[in-house]
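Student: Handing you this structure, nothing more for now.
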Amino acid sequence: MNILYDGTAESRLADILYVMEDETFGFRKSASIVGGRGRLTRLIIAGKVRCDKPLNVQNAKCYCNASDVLRHAMVRVKGRSKRKTNEKDNNKRVAS
């Protein structure tokens, strides 16, 4: 695969994924990018994210392919908390 230089969004994304093909993220960083530990685990089981655990011990660090993780990244928008309004409380404020 060659790096594209035409500047479109699709080519830029393809370039980023190509460059990140040889990089890895730790399990926690990968989970925060894809939207949670459960979602990352499902992606690994489905074979959509390649994961490597160099040592075959329980506490060994798990490394996930950065290109695969970025391909399945989710944007988390900080939700605006809606204020609960109490009609009785609003009436008291208006009356005073």
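The values are calculated or read from the model by the stated rules, or taken from the named source; none is laboratory data. As the structure is a prediction and not an experimental result, all values here were calculated from the model. In this analysis, Cβ positions are derived from the backbone assuming ideal geometry, glycine residues included, and neighbour counts consider all displayed protein chains. Just so you know, the surface numbers come from the protein's heavy atoms only, side chains and all, with ligands and any DNA or RNA stripped out. Shrake-Rupley method; radii C 1.70, N 1.55, O 1.52, S 1.80 Å.
Student: Quick one: what pairs do we get from segment 56-75, first residue among the aromatic types (F, W, Y), second open to solvent by 90 Å² or more (accessible area, probe 1.4 Å), C-beta under 9 Å, 6+ apart or different chains?
Tutor: Note: pairs meeting the criteria are Y63/K53.
Student: Among the listed residues K61, K48, identify the single one that is surrounded by 10 or more Cβ atoms within 10 Å (Cβ to Cβ), modelled with pLDDT of 95 or more and of a type in the set (K, R).
Tutor: Of the residues listed, the single one that is surrounded by 10 or more Cβ atoms within 10 Å (Cβ to Cβ), modelled with pLDDT of 95 or more and of a type in the set (K, R) is K48.
Student: Within segment 46-56, does at least one residue satisfy the condition of being part of a helix (DSSP H, G or I) and either in contact with a Lys or Arg (Cβ under 9 Å, 6 or more places away or on another chain) or not hydrophobic (A, V, I, L, M, F, W, C) (or both)?
Tutor: no
Student: Working only within segment 9-41, note down all residues that are open to solvent by 60 Å² or more (accessible area, probe 1.4 Å), closer than 13 Å to C64 by Cα and not β-branched (V, I, T).
Tutor: Result: E21, D22, E23, R28, K29, R37.
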